[in-house]
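J.: Sharing a structure below in structure tokens format, with a few things to ask.
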Amino acid sequence: RKEVEQDPGPFNVPEGATVAFNCTYSNSASQSFFWYRQDCRKEPKLLMSVYSSGNEDGRFTAQLNRASQYISLLIRDSKLSDSATYLCVVNNNYGQNFVFGPGTRLSVLP
Amino acid sequence: DAGVIQSPRHEVTEMGQEVTLRCKPISGHNSLFWYRQTMMRGLELLIYFNNNVPIDDSGMPEDRFSAKMPNASFSTLKIQPSEPRDSAVYFCASSERGGDYNEQFFGPGTRLTVL
């Protein structure tokens, strides 16, 4: 079993739709969690950190369930510019050992 | 700030040749990471340094791969000899050390093709 698993893609949604991505991790000792975004042929960039209490940044909401070892990302009112691959990232060693999931590809269609 | 700088951006070489990838982290960052990304395996951590010291190189595929960080502003990843299966995008990233939620900043990557 891979250490970080994500929903298989691609997700093709119309503009304005709400879309949710899921991620599960196997290491119960994992300490911190993130969503990174990667555009085609570009480097990954931090989208948002994921805190135990859940957090929101504009149209983006992240949730963490430590008991189920599950992370989610919700995108509301999706835009064409949201089209990218979304990488779930789990940190196992105080910021030093980032484990990246395989990514979920999102295409927002006009 | 210029961000993480990597060179070259593209490298095409023949099997058996030595390849050297270079990275300049963001000034003031104490940690530096080398990743490899392929379609089949996704993004994999190869090695990381704290304060120029290699901490974990368990992700380095084999002895053909080596990495150095002679000072706080420069690191290299060397492949000798290179093989076609080494073809991938190699990313360097840096972060401030300490704390669980330090962001890793990635460079633009080096796209390596080994013929």
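J.: Restricting to region B:1-19, name every residue that is farther than 30 Å from residue A:88 by Cβ and part of a loop (DSSP other than H, G, I, E, B).
T.: Correct list: B:8, B:14, B:15, B:16, B:17, B:18.
J.: Filter region A:91-101 for residues that are buried (at least 20 other Cβ atoms within 10 Å of the Cβ) and either in contact with a Gly (Cβ under 8 Å, 6 or more places away or on another chain) or away from chain B (no Cβ under 14 Å) (or both) and give the result.
T.: A:95, A:100, A:101, listed by residue number.
J.: Another question, then. Can you name the strands (runs of 3 or more DSSP E) wholly within region A:37-110 that have at least 2 residues being within 25 Å of residue B:41 (Cα to Cα) and under 11 Å from the mean Cα position of the chain (by Cα)?
T.: A:44-50, A:70-75, A:84-91, A:104-109
J.: State yes or no: is residue A:16 surrounded by fewer than 13 Cβ atoms within 10 Å (Cβ to Cβ) and either closer than 18 Å to residue A:75 by Cα or touching a residue at least 12 places away in the same chain (Cβ under 8 Å) (or both)?
T.: For residue A:16, the condition - surrounded by fewer than 13 Cβ atoms within 10 Å (Cβ to Cβ) and either closer than 18 Å to residue A:75 by Cα or touching a residue at least 12 places away in the same chain (Cβ under 8 Å) (or both) - is met.
J.: Name the residue, out of A:78, A:53, A:26, A:68, that is surrounded by 19 or more Cβ atoms within 10 Å (Cβ to Cβ) and among the small types (Gly, Ala, Ser).
T.: A:78 is the lone residue from the list that is surrounded by 19 or more Cβ atoms within 10 Å (Cβ to Cβ) and among the small types (Gly, Ala, Ser).
J.: Residue B:41 passes all but one of (1) within 11 Å of another protein chain (Cβ to nearest Cβ); (2) in contact with a strand residue (DSSP E or B) (Cβ under 8 Å, 6 or more places away or on another chain); which number fails?
T.: Only one criterion is unmet by residue B:41, namely (2).
J.: Right, residue B:32: within 12 Å of chain A (Cβ to nearest Cβ), of a type outside the set (Phe, Trp, Tyr) and in a strand (DSSP E or B) or not?
T.: Numbers: within 12 Å of chain A (Cβ to nearest Cβ): yes; of a type outside the set (Phe, Trp, Tyr): yes; in a strand (DSSP E or B): yes.
Taking the combined requirement at face value, the residue satisfies it.
J.: With the checklist (1) more than 24 Å from residue A:49 (Cα to Cα); (2) open to solvent by 60 Å² or more (accessible area, probe 1.4 Å); (3) at pLDDT 90 or above in hand, flag the one item residue B:58 doesn't pass.
T.: Condition (3) is where residue B:58 drops out.
J.: Would you pick out the residues in region B:100-115 that are within 14 Å of another protein chain (Cβ to nearest Cβ) and not in a strand (DSSP E or B)?
T.: Result: B:100, B:101, B:102, B:103, B:104, B:107, B:108, B:109.
J.: Let me ask you something else. Could you tell me whether residue B:16 is small (Gly, Ala, Ser) and farther than 29 Å from residue A:35 by Cβ?
T.: yes
J.: Just to check your reading of the model, which residue among A:64, A:106, A:87 is away from chain B (no Cβ under 14 Å) and aliphatic (A, V, I, L, M)?
T.: Working: A:64 fails: away from chain B (no Cβ under 14 Å); A:87 fails: away from chain B (no Cβ under 14 Å).
Just one listed residue meets the conditions, A:106.
J.: Which residue, of B:22, B:97, is open to solvent by 50 Å² or more (accessible area, probe 1.4 Å), in contact with a Cys (Cβ under 9 Å, 6 or more places away or on another chain) and not in a helix (DSSP H, G or I)?
T.: B:22
J.: Pairs only if they're at least six apart or on different chains, beta carbon under 9 angstrom, first in region B:33-44 and in contact (Cβ under 8 Å) with a residue 24 or more places away in the chain and surrounded by fewer than 15 Cβ atoms within 10 Å (Cβ to Cβ), second of a type outside the set (A, V, I, L, M) and assigned to a strand (DSSP E or B); list them, first residue then second.
T.: Note: pairs meeting the criteria are B:38/B:44.
J.: Going by the structure shown, is residue B:85 out of contact with any Ser or Thr (no Cβ under 8 Å at 6 or more places or on another chain), surrounded by fewer than 22 Cβ atoms within 10 Å (Cβ to Cβ) and in a strand (DSSP E or B)?
T.: No: the conditions fail for residue B:85.
The values are calculated or read from the model by the stated rules, or taken from the named source; none is laboratory data. The structure presented is a predicted model; accordingly, all values stated were derived computationally and were not measured. FYI the Cβ positions are ideal-geometry reconstructions off the backbone, even for glycines, and counts take in every protein chain you see. Surface areas here come from the heavy atoms of the whole protein model, side chains and all, with no ligands, DNA or RNA. Shrake-Rupley method; radii C 1.70, N 1.55, O 1.52, S 1.80 Å.
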